[in-house]
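Asker: Below you will find the structure I want to go over with you.
The values are calculated or read from the model by the stated rules, or taken from the named source; none is laboratory data. Model, not experiment: these values are computed from the prediction. Glycine also receives a Cβ, built like all others from the backbone with ideal geometry; neighbour counts cover every protein chain displayed. Surface accessibility is based on the protein's heavy atoms, side chains included, excluding ligands, DNA and RNA. Shrake-Rupley method; radii C 1.70, N 1.55, O 1.52, S 1.80 Å.
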Amino acid sequence: MNVLVTGGAGYIGSHTVVELMNAGHEVIIADNLSNASADVIDRIEKITGKAPEFYRINCCSEILKSIFARHRIDAVIHFAGYKAVGESVRMPLQYYRNNIDSTLSLLEAMEYGGCKKLVFSSSATVYGPDNPHPYKEEMPALQSASPYGWTKVMIERILTDYVTAHPDFCAVLLRYFNPIGAHESGLLGDDPNGIPNNLMPYIGRVAAGKLEKLTIFGGDYATPDGTCQRDYLHVVDLAVGHLRALEYAMEHSGAEAINLGTGKGVSVLELVHAFEQANNMKLPFTIGARRDGDLPAFWADAEKAKKLLHWEAVHSLEDMCKSAWEFARTH
Ligand code: UDP
């Protein structure tokens with residue numbers, strides 16, 4: 001199958017491209033490299049033995065249509081989008097323009113190319129602050145705490161409306177929890193530009209001595225150890241989830257929201273200690289103030305993914321911590 005992957009050079013995108021290629025699919029990556037490096041394409045080739053077709057383009061452009069004119073695309077996985085929560089609060093217009101425009105342009109290009117299968121990179125952020133955990137797909141998912149999150153809510157809405165108008169279209173809305181870890185080859189991982197916002201890349205830089213210490217945002221939450229709990233899943237499990245979602249989309253129509261998580265909550269302190277234990281080191285940290293917008297605790301109800309996609313996360317927290325350190329140590 002020919003699969004167009006927008007944002008395929010990014011952290012989750014690149015791991016998904018590897019799984020797709022290893023499963024025998026032809027992959028066409030469209031990425032403007034705004035938050036990724038061109039080296040990733042070479043590393044994908046090293047891992048899979050084959051170079052994916054790569055277009056360095058902005059997904060908000062007519063150029064997407066030219067990709068559909070050149071290739072018969074059977075399905076699309078849409079990752080491209082800005083993703084930093086804090087930055088989105090400072091730059092809402094850029095977030096709305098980029099994330100929403102790219103999706104609208106993509107749908108127009110898919111219509112032009114006659115492609116009716118889409119897997120979208122959504123987020124657990126769409127459950128907003130009011131739903132109890134574990135989050136279930138049928139809960140109202142109509143709000144978010146940041147412009148970034150709102151773009152996910154709005155794009156889910158756009159895709160759902162599009163499917164209502166085109167009942168033979170399939171849009172799988174994958175709501176990710178917290179992907180961490182890296183590819184076993186050590187060649188792909190989470191390597192954000194500048195100082196990381198997310199916990200695991202920050203831990204990696206502290207462990208590598210590039211940052212002095214981790215600040216844990218808040219130690220006085222109403223959780224067992226006072227620190228926030230999240231559902232951390234291995235990025236390779238998440239990538240395999242995309243493959244399953246693609247297989248599902250080929251056989252079905254309609255819009256379907258599906259959580260990809262482990263179904264377990266892990267606190268920041270538990271993650272720090274798991275990292276120390278897995279990698280036999282001490283991690284300097286202090287407990288600081290809460291971060292604006294953070295929710296105390298949430299994790300997935302992972303049953304729907306099991307039932308519809310026959311998928312469940314298989315990697316342990318130890319695997320996540322070991323592979324994240326292997327990548328951070330060598331990059
Ligand atoms: N976190 C932290 N220190 C950091 C970065 C993150 O304590 O330097 C905490 C954050 O408060 C949250 C968890 O780690 O409880 C996961 O944060 P991340 O930004 O990785 O993902 P989020 O759940 O916000 O999408």
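Asker: Could you pull out the residue among GLY81, GLY86, GLY24 that is within 16 Å of the ligand (Cβ to nearest atom) and assigned to a loop (DSSP other than H, G, I, E, B)?
Answerer: After applying the criteria, what remains is GLY81.
Asker: What residue, among those in segment 215-228 that are under 20 Å from PRO196 (Cβ atoms) and of a type outside the set (A, V, I, L, M, F, W, C), is surrounded by the most Cβ atoms within 10 Å (Cβ to Cβ)? Steps first, please.
Answerer: Of the residues in segment 215-228, the ones under 20 Å from PRO196 (Cβ atoms) are 215-218, 227-228.
If we keep only those that are of a type outside the set (A, V, I, L, M, F, W, C) as well, we get 215, 218, 227.
On the way: THR215: 15, GLY218: 18, THR227: 23.
Top of the filtered list is THR227.
Asker: Separate question: Would you call PRO140 away from the ligand (no atom under 16 Å from the Cβ), open to solvent by 10 Å² or more (accessible area, probe 1.4 Å) and not in a helix (DSSP H, G or I)? Talk me through it step by step, then tell me what you get.
Answerer: Values: away from the ligand (no atom under 16 Å from the Cβ): yes; open to solvent by 10 Å² or more (accessible area, probe 1.4 Å): yes; not in a helix (DSSP H, G or I): yes.
Spelling it out, PRO140 is indeed away from the ligand (no atom under 16 Å from the Cβ), open to solvent by 10 Å² or more (accessible area, probe 1.4 Å) and not in a helix (DSSP H, G or I).
Asker: Then there is this: May I ask you to say which residue of ALA305, ALA297 is under 17 Å from the mean Cα position of the chain (by Cα), closer than 29 Å to ASN131 by Cβ and open to solvent by less than 70 Å² (accessible area, probe 1.4 Å)?
Answerer: Matching residue, one of ALA305, ALA297: ALA305.
Asker: Could I ask something else about it? If you check ASP231 against the conditions, is it at pLDDT below 95 and charged (D, E, K, R)? Step through it out loud before you land on a result.
Answerer: Details: at pLDDT below 95: no; charged (D, E, K, R): yes.
Criteria not met by ASP231.
Asker: Do we have ARG157 as within 16 Å of the ligand (Cβ to nearest atom), charged (D, E, K, R) and either at pLDDT 95 or above or over 27 Å from TYR248 (Cβ atoms) (or both) here?
Answerer: No: the conditions fail for ARG157.
Table: residues versus (1) within 13 Å of the ligand (Cβ to nearest atom); (2) touching a helix residue (DSSP H, G or I) at 6+ places or on another chain (Cβ under 7 Å).
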{"residue": "ASN131", "(1), (2)": "no, no"}
{"residue": "PRO134", "(1), (2)": "no, no"}
{"residue": "SER146", "(1), (2)": "yes, yes"}
{"residue": "TRP150", "(1), (2)": "no, no"}
{"residue": "VAL172", "(1), (2)": "no, yes"}
{"residue": "ILE180", "(1), (2)": "yes, yes"}
{"residue": "GLY189", "(1), (2)": "no, yes"}
{"residue": "ASN193", "(1), (2)": "no, no"}
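Asker: Mind checking whether some residue in segment 204-214 is buried (at least 17 other Cβ atoms within 10 Å of the Cβ), touching a helix residue (DSSP H, G or I) at 6+ places or on another chain (Cβ under 9 Å), in contact (Cβ under 8 Å) with a residue 40 or more places away in the chain and not in a helix (DSSP H, G or I)?
Answerer: Yes, some residue in segment 204-214 is buried (at least 17 other Cβ atoms within 10 Å of the Cβ), touching a helix residue (DSSP H, G or I) at 6+ places or on another chain (Cβ under 9 Å), in contact (Cβ under 8 Å) with a residue 40 or more places away in the chain and not in a helix (DSSP H, G or I).
Asker: Looking at ALA222 and the list (1) out of contact with any helix residue (DSSP H, G or I) (no Cβ under 9 Å at 6 or more places or on another chain); (2) in a strand (DSSP E or B), which single condition is not satisfied?
Answerer: Every condition holds for ALA222 apart from (2).
Asker: Next question. State whether one or more residues within segment 226-245 are under 14 Å from the mean Cα position of the chain (by Cα), part of a loop (DSSP other than H, G, I, E, B) and closer than 24 Å to GLN277 by Cα.
Answerer: Yes; the residues of segment 226-245 include at least one that is under 14 Å from the mean Cα position of the chain (by Cα), part of a loop (DSSP other than H, G, I, E, B) and closer than 24 Å to GLN277 by Cα.
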